[in-house]
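Just below is one structure, and these are the notes that go with it.
The values are calculated or read from the model by the stated rules, or taken from the named source; none is laboratory data. No experiment lies behind these values; they were computed from the predicted model shown. Heads up, the Cβs are rebuilt from the backbone with ideal geometry, glycines too, and the neighbour counts pull from every protein chain shown.
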Amino acid sequence: MNVKPFACSNGRVSFWGDFSKADATTCARCKTVGAPTFYEVRPVRTSAQFNMPENLQQSELSGDPTVQKQWDRETPMAQQIEELYNTIDGQKFCMLNTYRPGTGPVGRSMGVAKRNGPDLLFFTNKNSQKFGDIKSSSGEVQVSFQDTKTQDWISITGKASVHGNDDPRVQELYGPILGAWFGDLGDGKHDASKDDPRIALIEVKASYIAYWKTQVGTLGFVKEVAGAALTGKVAVTGVLRQLTEKDIEQARKEA
């Protein structure tokens with residue numbers, strides 16, 4: 001008997017069996033009856049060998065190769081920063097996450113008022129709870145973006161500072177549509193104008209950034225994942241990048 005693993009015509013590795021009788025077998029996993037074709041797939045490896053997209057360096061052999069090789073070390077940092085900015089600029093909203101004592105992490109959707117290099121500005125109401133969160137956590141926050149079309153995502157860790165409506169950037173960035181989120185209280189003061197004392201800015205200065213850049217379309221994604229499942233390789237659908245505090249400081253200088 002020629003005992004080997006097989007996959008049915010739907011690509012599901014389903015059983016070990018006699019290769020010579022594969023054409024008369026029903027797939028045990030996807031229940032395909034009388035599957036027209038079965039094909040042999042790579043035997044399951046029992047050793048510690050990994051078939052990675054890249055060769056491992058000696059310093060990486062002590063850890064999990066799928067973790068050691070996850071970061072993009074080939075793309076020039078200038079290009080990584082440019083593509084980061086392009087992704088941020090393509091998104092109107094993000095999640096601003098703070099830490100609230102007694103509750104834990106708290107997130108809310110925010111519109112980006114302006115990106116200044118790797119740093120972000122948000123308009124907000126100074127009476128909101130997020131100000132207490134920022135004060136109690138020494139300003140530590142996290143901002144996340146996701147492009148639902150490409151599945152690109154960005155995670156920014158940084159420190160938030162609060163600025164009142166006397167900040168000249170309020171005058172620069174204020175637009176009439178912003179008033180829709182404040183409302184005119186009818187007291188001649190809280191009128192949702194740029195002089196409304198409730199209007200404030202939150203500035204987030206980044207200290208660490210990680211992001212994912214998708215490099216394949218939908219069909220490419222399916223092909224990569226299916227191929228990796230059958231061959232034991234790691235699916236390569238994009239690149240994972242990180243900017244350290246040193247990288248961010250350089251980007252800030254060049255902005």
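Numerical summary
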quantity	calculated
Selected residue (criterion: farthest from Pro176 (Cα to Cα)) from residues of the range 111-121 that are of a type outside the set (S, T, N, Q) and assigned to a strand (DSSP E or B)	Asp119
Number of positions in the range 80-110 that are over 24 Å from Leu178 (Cβ atoms), surrounded by fewer than 14 Cβ atoms within 10 Å (Cβ to Cβ) and more than 17 Å from the chain's Cα centre (by Cα)	5
Residues located in the range 169-196, provided they are over 21 Å from Met110 (Cα atoms), exposed (fewer than 15 other Cβ atoms within 10 Å of the Cβ) and not acidic (Asp, Glu)	Leu185, Gly186, Gly188, Lys189
Subset of the range 122-147 that is part of a loop (DSSP other than H, G, I, E, B) and free of Cβ contacts under 8 Å to residues at least 40 places away in the same chain - its residue that is farthest from Thr98 (Cα to Cα)	Ser128
Search result, residues across the range 117-150 that are closer than 25 Å to Leu240 by Cβ and modelled with pLDDT of 95 or more	Gly117, Pro118, Asp119, Leu120, Glu140, Val141, Gln142, Val143, Ser144, Phe145, Gln146
Tally of residues being touching a residue at least 12 places away in the same chain (Cβ under 8 Å), not in a loop (DSSP other than H, G, I, E, B) and not polar (S, T, N, Q) across the range 148-175	11
